[in-house]
Structure formats: C-alpha cells, structure tokens
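Okay, structure first, notes after.
No lab work stands behind these numbers, since they all come straight from the coordinates. Here the structure is a predicted model, which is why all the values come from computation and not from measurement. Note that we place each Cβ from the backbone using ideal geometry, even for glycine, and neighbour counts take in every protein chain shown.
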Amino acid sequence: MAKRTALYEQHLAAGAKMVDFSGWEMPLHYGSQIEEHHQVRRRAGMFDVSHMTVVDVTGTDARAYLRYLLANDVARLRVRGKALYSVMLNERGGVVDDLIVYLMTAPGVSGEWFRIVVNCATREKDLNWMAERRVRFDVSLTEQPELAMIAIQGPQALGLVAGVVSASRARLIEQLGRFQGQESEGWFIARTGYTGEEGLEIMLPEEEAVAFWQALLAAGVKPCGLGARDTLRLEAGMNLYGADMTEAVSPLEANLAWTLALDDPGRDFVGREALAQLAATGVKTKLVGLVLPQRGVLRAHQRVLVDVVGVGEVTSGGFSPTLGVAIALARVPVETGATAGVEVRGKVLPVQVVAPPFVRDGNKVFS
Amino acid sequence: MSNIPNELKYVASHEWVRNEGDGIVTIGITDHAQELLGDVVFVELPELDTELSAGDETGVVESVKAASDVYAPLSGKVIAVNQELEESPELVNSDPYGDGWFFKLQLSDADELDDLLDADAYGEHCEAE
C-alpha cells in the first residue's frame with residue numbers, strides 16, 4: 001500500500017496526476033509540468049515535500065557526531081538556524097546521500113541540536129547508516145514523520161507566504177537570511193529550496209498542512225508536481241541523488257568539491273582518507289553541464305562522445321522550459337573541453353559543455 | 001478517462017485518422033497518447049511529398065517524459081504537415097484532434113482504411129495496455 005501525505009486529497013482536488021515515488025503516491029503534475037515550472041520562475045509555486053525524511057539529532061555529542069558523519073563541517077554553522085548542504089560519504093569516498101542540516105539552537109550552547117533532511121528514496125539506508133555510526137557518540141536520532149513539509153518557491157514566494165501566516169511568522173520570514181531557518185509557533189520556516197529561486201521550505205504539524213495549503217492556493221500560489229521540481233533543480237544545476245551521484249561516485253566526480261570541508265586537518269570524517277587518496281591520484285571523470293542548441297532532448301543514460309578523449313554518460317537531462325532547449329548533467333572524462341557530442345536516437349548531436357548552473361533567479365547564467 | 005471521438009479511426013500505436021474524403025486523411029496522436037507523454041516539447045514531422053507505407057516510422061514526439069516514434073497508419077504521400085507545431089508543440093496536448101494534427105496523406109490504397117480500429121476497439125486496446 002502506497003503511503004500518502006496529509007495533502008493527498010488536496011492533490012486530487014487540484015487535478016493531479018499521481019505517481020509512485022519510492023512508495024509514496026505523489027503528484028507528477030496538475031495538468032502542465034511546463035506551466036508549473038514557469039510559475040515558479042516568474043511568480044510562485046508550491047510543492048508537497050512531506051515525503052522527505054526529517055531526523056533530529058540531539059545529545060551532548062550531536063556536534064561531534066555530525067562532524068564525523070558529514071563531509072561538510074557543521075562547525076561552519078555560526079548562527080542559530082543556519083543551514084548547510086552536505087554529503088554523507090562511505091569509507092570509499094562514495095556518496096551515501098546528500099542532505100541539508102540546520103543548527104536549531106545557538107552554536108555551542110548546552111542542549112545544542114540539529115535537524116537533518118534527507119532524501120525519501122534513501123530513507124531506510126540513511127537511517128541505518130546514521131545509526132551504525134552513532135556507536136561512540138552520545139546522540140539520539142529521532143525521525144519526525146508526523147511533520148508535513150511544503151516548499152513555496154519563486155520570486156514572489158516570501159511575500160505571498162507572509163500574507164497568509166500569523167504576524168510573528170510573517171516577521172520571521174522578513175528577518176530570515178538566505179539558507180537560514182527558525183521555529184515559530186510550532187512551525188519550522190526555512191529560506192531554502194531546490195529550485196534556484198528565492199523561497200521557503202516550511203515544516204509544520206500534519207494536521208495544520210491542509211489549511212495552510214488552501215490559504216496559499218487562495219493567495220494565488222499554484223501547486224507544482226515532481227515533474228517541475230526536477231526541471232527546476234536541473235536548471236539550477238543541483239544534483240539528484242541516485243542519478244548524478246551514487247555510492248560509486250565521489251563528490252570530486254560529482255561537482256561537489258565545494259561541499260567538502262577539509263580545512264581542519266584534525267577532523268576525522270567518514271570517507272576522508274579515501275577522498276585524500278583520490279585527490280592525490282587525481283580523478284578520471286567530472287560532472288559538467290551540457291546544452292543542446294538544436295531540437296531534441298537530452299535524457300539520462302545517453303552516451304556522450306568527446307573527441308580524442310573518450311566517452312561519458314548523461315546522468316540527468318531534459319527540456320529546459322526557461323531556456324527552450326535541452327540541458328543535462330553528464331559525467332565525462334576530466335580532459336573534456338568546451339564541446340562534445342551526445343547520441344540522441346541514433347544520431348550524434350553537438351552540445352556545448354558548460355559549468356552548471358544553467359539558470360539562477362530566473363536568468364540564464366552560463367555563457 | 002481520455003477522449004476517443006467516434007468519428008475517427010485509430011491504430012494500436014496511438015495515432016488517429018480522419019477520413020476527409022477523396023482519398024485524403026488527416027493524422028495525429030490520440031488524447032490517450034498525449035496524456036501518457038505529458039507536455040510535448042518538440043515534434044518532428046515527415047517532409048512534404050514523402051511516400052510512406054503503413055507502419056513506417058515517420059516522426060518523433062519528444063515530451064518532458066520521453067521520446068516516442070510516430071508511425072504512418074496508412075500508405076500514401078504526405079501532402080500537408082502542420083507547421084504550427086514547430087512554434088507551438090503544446091497544441092498536441094491542448095487540442096490533439098484539432099489544431100494539434102500532424103500531417104495529411106493522399107492515400108495510395110484506400111482499402112487500408114478498413115484495417116483501422118474504430119473508437120470502441122481502440123478504447124479496449126488502451127484499457128488492455
């Protein structure tokens with residue numbers, strides 16, 4: 001039996017085409033995925049992301065544990081509510097999952113704790129992984145499955161949300177810095193997202209989710225499905241776990257070197273040794289962006305041909321509604337230059353090789 | 001439930017055929033097909049004057065979800081193609097039996113029309129798939 005979020009009936013009422021997503025019945029689109037995409041780039045759209053896994057990390061060793069578990073360093077979180085993107089690595093330096101971690105208190109205080117949001121598709125694996133690495137630390141891991149989560153994204157998202165919430169929550173939204181979240185009257189409101197736009201991700205008790213969703217609808221925020229979520233994150237150059245990175249791939253080969261905190265040589269974290277070896281010997285592949293200037297659509301698993309250098313593979317691809325052409329992320333030999341070819345339906349089409357992202361805050365950003 | 005107009009004929013590969021008389025037919029893809037594909041982003045159509053045999057691969061529909069071949073439901077010569085789809089591929093989604101038509105054929109063998117599915121048979125085919 002597929003799992004349903006607290007907003008299931010709302011999706012049906014909005015005409016959603018529901019699909020199975022890792023055991024959850026989730027909306028793929030509500031009519032047109034492309035219109036939903038434009039809605040987020042131009043105004044504001046909302047996504048039900050209640051299927052994502054929220055885990056609270058508490059206990060006297062919460063900080064030490066996360067500094068060991070994660071490749072990025074929670075010591076970089078110096079303000080209450082600040083968020084950090086990180087990968088969790090295995091001992092071979094491969095990516096177990098990517099996640100967001102929030103510092104829920106002031107840094108270093110007694111009772112300091114953190115909240116982590118990991119992917120739904122990797123929930124069980126992640127929970128086991130995190131539990132197994134807890135042994136020498138005094139920490140508790142508490143999943144929060146009763147929280148609903150709604151992401152409101154787009155240039156008008158903050159203002160529209162502020163218009164339908166209580167005065168104190170509205171004030172908080174005004175004060176939040178980018179990539180920061182705070183609790184307010186039982187809701188956790190964070191200025192984060194997965195679209196490359198301004199926006200919020202709000203965790204709230206399930207029983208309050210329907211009323212909030214309906215208030216947003218009434219304010220003109222359009223519901224958006226997993227389809228638009230994927231094209232928005234692809235344009236924003238954000239990796240999708242399981243596609244652009246896996247346990248077999250290191251962050252150095254996934255365009256994620258920027259997420260590795262290596263400045264503290266005394267910090268031992270899972271995968272650090274393997275990473276150091278990889279960095280010393282040099283990796284053979286890299287993750288790049290591709291743009292197809294002609295008709296056709298780039299899709300996952302298509303072969304990328306690089307003259308003289310070798311072959312690679314599209315890890316995720318699709319039509320970019322903002323740019324009107326197909327774009328992709330692809331893993332290619334490190335020697336790859338500014339051009340390549342992709343095998344699309346039996347023909348090799350020339351593509352431009354670029355550094356992601358493709359779109360930020362509504363505008364094309366590569367050249 | 002998708003829309004399957006009674007006055008049209010169909011093939012199992014999800015194209016529809018409208019008999020315009022004088023051996024001329026209009027061809028497109030069905031409402032069921034466009035629903036499965038999701039938003040259409042490119043349509044590649046046959047060239048004018050191409051001679052096609054029934055079953056020939058003659059074009060591609062690329063949607064946000066997948067690429068799908070278009071087959072010629074009947075044999076004949078391409079006498080018109082829908083240029084609008086170049087600029088507005090979304091017509092395939094919004095009006096699959098009207099402005100979203102693909103191309104017209106001058107049939108070389110009008111008897112082939114008898115081989116096509118009627119609306120009921122096509123509806124059963126969609127449910128069985």
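Contact order, relative form, for segment A:222-301: 33 percent (alpha carbon pairs under 8 Å, 6 or more residues apart, mean separation divided by residue count). Each part reduced to its alpha carbon centroid, segment A:322-349 and segment A:132-203 end up 36 Å apart. Remark: spin-label model distance B:E47-B:S94 equals 3.1 nm, labels positioned 7 Å along the Cα→Cβ axis. Which distance in Å, rounded to a whole number, links the C-alpha centroids of segment A:79-126 and segment B:63-123? Here the answer is 51 Å between Cα centres.
For the protein assembly as shown, the calculated P(r), taken from all Cα-Cα distances in 20 Å bins from zero up to the bin holding the longest distance, is 21, 49, 25, 5, 0 percent. Counting every C-alpha pair in segment A:250-367, the share spaced more than 20 angstrom apart comes to 46%.
Cross-link reach is defined here as a Cα-Cα straight distance under 12 Å, omitting same-chain residues fewer than 8 places apart; for A:K286 the aspartates and glutamates meeting it are A:D244, A:E253, A:E313, A:E335. Adding -39500 (n - 2.57) for every DSSP H run of four residues or longer, then dividing by how many residues the protein assembly as shown holds, sets the calculated 222 nm ellipticity at -6000 deg cm²/dmol. Which FRET efficiency, nearest 0.05, do A:R42 and A:E185 yield, Cβ-Cβ r, R0 30 Å? Given R0 = 30 Å and the Cβ-Cβ separation, E is 0.45.
The alpha-carbon atoms of chain B define a convex hull whose volume equals 94 cubic angstrom per residue. Check the straight Cα-Cα distances from A:K17 and name the lysines below 20 Å, setting aside those fewer than 8 residues away within the same chain. Straight-distance partners of A:K17: A:K3, A:K222, B:K65. The calculated Kirkwood hydrodynamic radius for segment A:16-91 is 16.0 Å, given to one decimal from all distinct C-alpha pairs.
Measuring from centroid to centroid over Cα atoms, what is the spacing of segment A:256-290 and segment A:8-33 in Å? First find each Cα centre; the distance between them is then 38 Å. In this calculation the C-beta distance from A:D138 to A:S22 is compared with R0 = 35 Å, giving a FRET efficiency of 0.65.
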